[in-house]
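Everything on this sheet refers to the single structure shown next.
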Amino acid sequence: SCQVAANPVWQEDKVTGAVIVILDVTERMRGEQMRREFTANVSHELKTPLTSISGFAEIINDGFVKPEDTKKFAGRIFKEAQRLITLVNDVIKISQLDEGKFFCEKEAVDLYEAAREILKRLEERAKENNIHLYLYGPHVKVNTVRVILEEVLYNLCDNGLKYNKQNGSLTVTISEEAGRTQIVVEDTGIGISEEDKMRIFERFYRVDKSHSKAIGGTGLGLSIVKHGSMFLGADVKVESTLGEGSRFVLTMPEEEK
Ligand code: ADP
């Protein structure tokens, strides 16, 4: 859509022409629409855990909980509070990326080392679920913003664990081909349908809410991945077969090398 403004041009009290200004506001309107939806979603997502926390606290306060059950209720409150913290942190990350408010100091980052650090952070959880972690490739260095690259990689690997199967594997492969550096994060998990592939990068989108709810998450991880990649000038693509696994390919920009 566009806005049109026509202003007559006067010369000695006579209209001798007109200046027409056509402004394409499609992008601006889309941005505003997205922001409105985002605010509505955030408010909704904040409300759910807050309602639980308030409800559990009220029951305890009213003396309806047997002393031996207090621990259980405190546990629920703690879990919901943790969920709130994750959500608020994710929202902060997204708005910082949106506003370009990151410290953009670029530095030479060894991708292999960065991936190794991230896999180390996930090691405990992988063990608990019997998931094998693999890392392949050379020690390629790219000139990039470390915190954002780590955030992108972490979210991809975290999902590769969450949506995996018992005894599955998560493999990170770094490669350099024709001057382009790629990081592939591959899992042997539940996979993503053709239809969902188009939507998973949207804010708050989660495949099959009831199933995802058991797994836990905010629906913002891949949105951070998409925004973060854009910020780095990188490109992220997904390939997947339902029931077999998913493969996220992050291609770093050529000039960053
Ligand atoms: P969440 O917090 O739900 O993990 P994300 O934005 O990271 O949010 O992912 C959005 C949805 O995409 C997830 O809820 C899940 O349904 C799907 N998804 C993401 N990564 C994978 C993966 N590696 N395998 C299967 N499904 C995935």
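Some notes on this structure:
- Inter-label distance, Thr51 to Asn89: 2.6 nm, where each label sits 7 Å from its Cα along the C-beta direction.
- Distance histogram for the range 20-173 (every C-alpha pair counted, 5 angstrom bins, percent rounded to whole numbers): 1, 7, 11, 11, 12, 14, 13, 12, 8, 5, 3, 2, 1, 0, 0, 0
- With a Förster radius of 25 Å applied to the C-beta separation of Ile60 and Arg121, the computed FRET efficiency comes to 0.15.
- Heavy-atom accessible area per residue - the range 160-249, 1.4 Å, Å²: 48 Å²
- Cα gyration tensor shape of the range 38-115, rounded if a/c is under 1.5, else prolate or oblate by comparing a/b with b/c: oblate
- The convex hull defined by the C-alpha atoms of the range 151-256 has an orientation-averaged projected area of 6.6 nm².
- Acute angle (nearest 10 degrees) that the helix 146-162 long axis makes with the longest principal axis of the chain, alpha-carbon atoms: 50 degrees
- Three semi-axes describe the equivalent ellipsoid of the chain; taken as square roots of 5 times the Cα gyration tensor eigenvalues and ordered largest first, they are 40, 31, 17 Å.
- Of Val185, Pro253, Ser175, farthest towards positive along the dipole that unit charges on Lys, Arg, Asp, Glu beta carbons give the range 137-256: Val185
- Across the range 111-121, rounded Karplus estimates of 3J(HN,Hα) from the backbone phi angles (6.51 cos²θ - 1.76 cosθ + 1.60, θ = phi - 60°) give 4, 4, 5, 4, 5, 5, 4, 5, 5, 5, 5 Hz, Gly and Pro being marked x.
- Surface composition of the chain: carbon plus sulfur atoms contribute 53% of the solvent-accessible area (1.4 Å probe, protein chains only, all chains present).
- GNM on the chain, alpha-carbon springs under 10 angstrom: the most fluctuating residue among Leu50, Leu87, Leu153 is Leu50.
- Using a Gaussian network model of the chain in which every pair of alpha carbons under 10 angstrom is joined by a spring, one finds that among Ala108, Ala18, Ala57 the greatest mean-square fluctuation is at Ala18.
The values are calculated or read from the model by the stated rules, or taken from the named source; none is laboratory data. Every value quoted in this text rests on a predicted model; they were computed, and no experiment measured them. FYI the Cβ positions are ideal-geometry reconstructions off the backbone, even for glycines, and counts take in every protein chain you see. Each accessible area value is taken on the protein alone, full model and side chains, heavy atoms only, with ligands, DNA and RNA left out. Shrake-Rupley method; radii C 1.70, N 1.55, O 1.52, S 1.80 Å.
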